[in-house]
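Notes follow once the structure below has been shown.
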Amino acid sequence: MARLSGASVARIEEICDAYQGEKTPLVMILSDIQREFGYVPLEVQEVVSRKTGLSVAEIYGVVTFYSFFSLTPKGKHVIGCCLGTACYVKGAQRIIDRFCNDLGIEPGGTTDDGMFTIDALRCIGACAAAPAVTIDGKVYARVDISQVPGIISAYRQMEGGAE
Amino acid sequence: MSLVNIKIEGRPYQVEEGLTILEAARQCGYEIPSLCSFNHGECNQGSCRVCLVEATGARGLAASCVYQVAEGMEVLINSPKAVAARRTSVELLLSNHNVNCQQCGKSGQCELQNVARIVGAREGMFKGAKTPTTYDDVSPSIVRDTSKCILCGRCVERCKNAHGNGVLGFQNRGFDAKVGPAMDISFADSPCIMCGQCVTVCPTGALLPKSEIDKVDFARAQGKYMVVQTAPAVRAALGEEFGLPIGTPVTGKMAAALRRLGFNRVYDVDFGADLTIMEEANELLDRVKSGGVLPMITSCSPGWVNYAETYYADLLPHLSSCKSPHQMQGAIIKSYFAQAHGLDPKDIFVVSIMPCTAKKSEKDRAQMEVDGIRDVDAVLTVCELGDLIKRSGMQFNRLPEEGFDYDIMGTSTGAGVIFGVTGGVMEAALRTAYRVLEGKEHDAVVFNAVRGFDGIREATIAMGGMDVKVAVASGMANAKILLDQIREGTSPYHFIEIMGCPGGCINGGGMPIVRHCFLPNEDVDIVDTYRAKRARALYTEDERNTLRQSHNNPQIIELYSRFLEKPNSHKAHELLHTTYAGREPFRVQDH
């Protein structure tokens, strides 16, 4: 646990304390941590275990069960490609393949510069917009494979980096 | 207790309300196969679907391990529909299993193999992808092979029940689901205490003790002077490997078998247990007299020591500094015994037969050596000894009754033999502490208050003008209660015995497995009663021994007068005592 700063430990403990009255607080605690820290590594799970009395094995089970949680830091921009049924029949596989190809990572992976993460999502409920892609919560509707390079470079430019 | 009327296969029975169909059927003389359920719902996931039966009132087929009986219920185990469904369930499990039965250490005692045979599972019914495997044989004690895991969850439950905060859990989801320590790391890097309780409930070969038979074979081939020593609990269970009823003591045949396996000397760790009592009882009295750290806690159980080092490092000064009996005896064999026989300790190879998987890692601890000479070189479980005997061609049940080798360390007392059951070390220590403090033996040899299988037991014994308060716990979930008292400064005790496994060594991770399906001649409640039966075997051996107290062992007295001088002497400390160090629960590299 050496790699967690005292401030991080204190913040995690604070999050755990906020759900003290709850019967099953684990998913809520982990959600807050995921949102705030961007991932839930082993060191963090150990703190949660100490605070909640749940075993690390059980916490790790929950972290690896839900795709929302991540064991490694996510990129600054999270590209979520919906692979639900409607999106899939509208060609979502080709969209995610193109994102992966252009960024040089696998689904679930993060670029070396920490800029992008690609997540494969199940149905996000935007079937009318199929194939749909979400980036940092913003939904891109009826994405065509040819739009992918433009979307990526728009985010790159937003960060001030040259192509 | 109210009864309900049910029918099984058309025949009427009266059974207790609230029982599952599986338990009720067992009482009526039917054994329904099941892989996930374990005794009285210790693990009731209802996940394996191997126990499906037809039951009136159930929607579709009922999982008999979770579905309860009800008035008027009619159960069909042998209907074509139920039979076909159970076969399909097993075939589905096999479709994601490595089915490498011939090379598997569980072969012949595997519940999946057994049930596959019973339901008539066919080969290759569901071909497809297999879940990526984790194979972990890094720890000295337990091997995890997820290619044999059926995700029943028994080990997850047992680890949690025995130790409170379990090490094992389900991870990932769907087809990638696995059971293992967090991060899918090796047991060696996890907070696992190596007790092997998970091994004792695993229905397949996914969790097995790590075999050291090759190591022993190699030492023999090198021409080492082979010395074997057997733990107290071994004699109470080795017979089970050869079909003898649970609780049959086989001390004599075991000694005969070991001699025929080519060991130069066959000794009993009961002698080491007597030695431990001499050291430990005197250490306790020293602490009481000199205002040392109290309560003192026993240190015979390496599972418990692992737990203390991981979770209660602040309490390590409470642990007795005594090595465990087989480590003490190993050190004595390589010093006192070696000198007496003119042997070079480097040429001696000491094998301990243990009911325990944690002993395998204990013997590898850096502290367990004297001047570069390891105390013990290999640890075999009861099951491994069973395998060695079978391999040799010996017919165990036809062997004559023989004794241990008598010279130097061949005598042991009843106090030593009861080490194998929870409360035994405490009782043995009390017999000797009383003698030291009062100058006479306790009127009753037996201290009943510390016997039994309650999670925590306590007693107060007046001796030496004071009330000595003691407590006994087995399983870390129980021990935790006593440990937290110490942390809070409210512990009223002078001396505490803690054993890693619930019930003590007779329920250790290296003991033969106990399953209804493999024990058709035992009582239907055998999974509840086997611990008491094995314990009885040890208590009976204590009762039959003319020597009941460690301090009355003439060879122990001789060992002190000729070699160690007195308990806790400088020499005794060098050979028989050890140290502990706290450790991180997770010892993983940055990832």
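The values are calculated or read from the model by the stated rules, or taken from the named source; none is laboratory data. It should be emphasised that the depicted structure is a prediction, and the values quoted were computed from it without experimental measurement. Methodologically, a virtual Cβ is constructed for each residue, glycine included, from the backbone with ideal geometry; neighbour enumeration extends over all protein chains shown. Keep in mind that these areas ignore ligands, DNA and RNA; they rest on the heavy atoms of the full protein, side chains included. Shrake-Rupley method; radii C 1.70, N 1.55, O 1.52, S 1.80 Å.
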Under a crude label model (7 Å from the Cα following the beta-carbon direction), how far is B:Glu31 from A:Ala7 in nanometres? 6.4 nm
Along each principal axis, Cα extent of chain B, largest first, Å: 75, 56, 55
Relative contact order for region B:131-208 using alpha-carbon pairs under 8 Å, separation at least 6, rounded to a whole percent? 38 percent
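Expressed in nm to one decimal, what extension gain is obtained for the pair B:Ala177 and B:Asp523 from 0.36 nm per residue of sequence separation less their Cα-Cα distance? Please report the intermediate quantities before stating the final value.
Numbers: separation 346, 0.36 × 346 = 124.56 nm, distance 3.64 nm.
120.9 nm is the gain from fully extending B:Ala177 to B:Asp523.
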Could you tell me which of B:Gly272, B:Leu315, B:Leu284 has its Cα farthest along the dipole of chain B towards the positive end, charges placed at Cβ (Lys, Arg +1; Asp, Glu -1), taken about the Cα centre? B:Gly272
Towards the positive end of the charge dipole of the protein assembly as shown, with charges on Cβ (+1 Lys, Arg; -1 Asp, Glu), say which of B:Val472, B:Gly403, B:Val417 has the farthest Cα. B:Gly403
Order of A:136-146, B:532-542 by packing, highest average Cβ count within 10 Å first? B:532-542, A:136-146
Cut-off under 5 Å, modelled amide H: who pairs with B:Leu52 long-range: B:Ser64
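How would you classify region B:298-400 from its alpha-carbon gyration tensor, with a ≥ b ≥ c the square roots of the eigenvalues: rounded for a/c under 1.5, else prolate if a/b is greater than b/c, otherwise oblate? Present the calculation step by step, with values, prior to reporting the outcome.
Values: a/c = 2.67, a/b = 1.34, b/c = 1.99.
Note, shape of region B:298-400 comes out oblate.
If you put +1 on each Lys and Arg Cβ and -1 on each Asp and Glu Cβ, how big is the dipole of chain A around its Cα centre, in Debye rounded to 20?
Working: 15 positive and 19 negative charges, 88 e Å.
The dipole of chain A has a size of about 420 debye.
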Can you find, among B:Ser95, B:Ala535, B:Gly243, the residue farthest towards the positive end of the dipole of the protein assembly as shown? Put +1 on the C-beta of Lys and Arg, -1 on that of Asp and Glu. B:Ser95
Need the list of aspartates and glutamates near B:Lys566 for cross-linking: C-alpha distance under 18 angstrom, and skip anything on the same chain fewer than eight residues off. B:Asp274, B:Glu279, B:Glu280, B:Glu283, B:Asp286, B:Glu558, B:Glu574
Which whole-Hz ³J(HN,Hα) couplings does region B:385-397 yield from phi under the Karplus relation 6.51 cos²θ - 1.76 cosθ + 1.60, θ = phi - 60°, glycine and proline marked x? 4, x, 5, 4, 5, 4, 4, 6, x, 5, 8, 3, 5
Taking only protein heavy atoms into account and a 1.4 Å probe, give the accessible area per residue of chain B in Å². 38 Å²
Just read off the accessible area of B:Ser211 with the full protein assembly in place, 1.4 Å probe, to the nearest 10 Å². 70 Å²
What's the average, rounded to a whole number, of partner chain beta-carbon atoms within 10 Å of each residue's beta-carbon in B:375-386? 0
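Let me spell out the model: positive unit charges on the Cβ of Lys and Arg, negative unit charges on the Cβ of Asp and Glu, origin at the Cα centre of the protein assembly as shown. What dipole size does that give, in debye rounded to 20? Display every interim value, and only then the final one.
Working: 77 positive and 88 negative charges, 318 e Å.
Using Cβ point charges on Lys, Arg, Asp and Glu, the protein assembly as shown gives about 1520 debye.
Ignoring ligands, DNA and RNA, what percent of the accessible area of region B:131-208 is carbon or sulfur (1.4 Å)? Intermediate results must be reported in sequence, preceding the final value.
Working: 1190 of 2160 Å².
It is 55 percent, rounded to a whole number.
Which entries in A:Lys23/B:Lys178; A:Lys23/B:Lys160; A:Lys90/B:Lys178; B:Lys106/B:Lys215 show an alpha-carbon gap greater than 29 Å? Write down the numbers at each step before the final one.
Numbers: A:Lys23/B:Lys178 26 Å; A:Lys23/B:Lys160 19 Å; A:Lys90/B:Lys178 33 Å; B:Lys106/B:Lys215 20 Å.
Check vs 29 Å cut-off fails for A:Lys90/B:Lys178.
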Whole-number D in µm²/s for region B:131-208 (Stokes-Einstein; Kirkwood sum over Cα pairs; 20 °C, 1.002 mPa s): 175 µm²/s
Restricting to Cα pairs below 8 Å that are 6+ residues apart, what does the relative contact order work out to for chain B? Please round to a whole percent. 16 percent
Enumerate cysteines in chain A without a disulfide-compatible partner, where compatibility requires another Cys Cβ under 4.7 angstrom. A:Cys16, A:Cys81, A:Cys100, A:Cys123, A:Cys127
Relative contact order, percent, of region B:423-502 when contacts are C-alpha pairs under 8 Å separated by at least 6 residues? 27 percent
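For peptide B:160-168, how many partner chain Cβ atoms fall within 10 Å of a residue's Cβ, on average?
Values: counts 3, 0, 0, 1, 2, 8, 5, 3, 4.
Per residue, the number of nearby Cβ atoms from other chains is 3 on average.
Rounded to two decimals, what ratio of Rg to Rh does chain A give with C-alpha atoms and a Kirkwood Rh?
1.04
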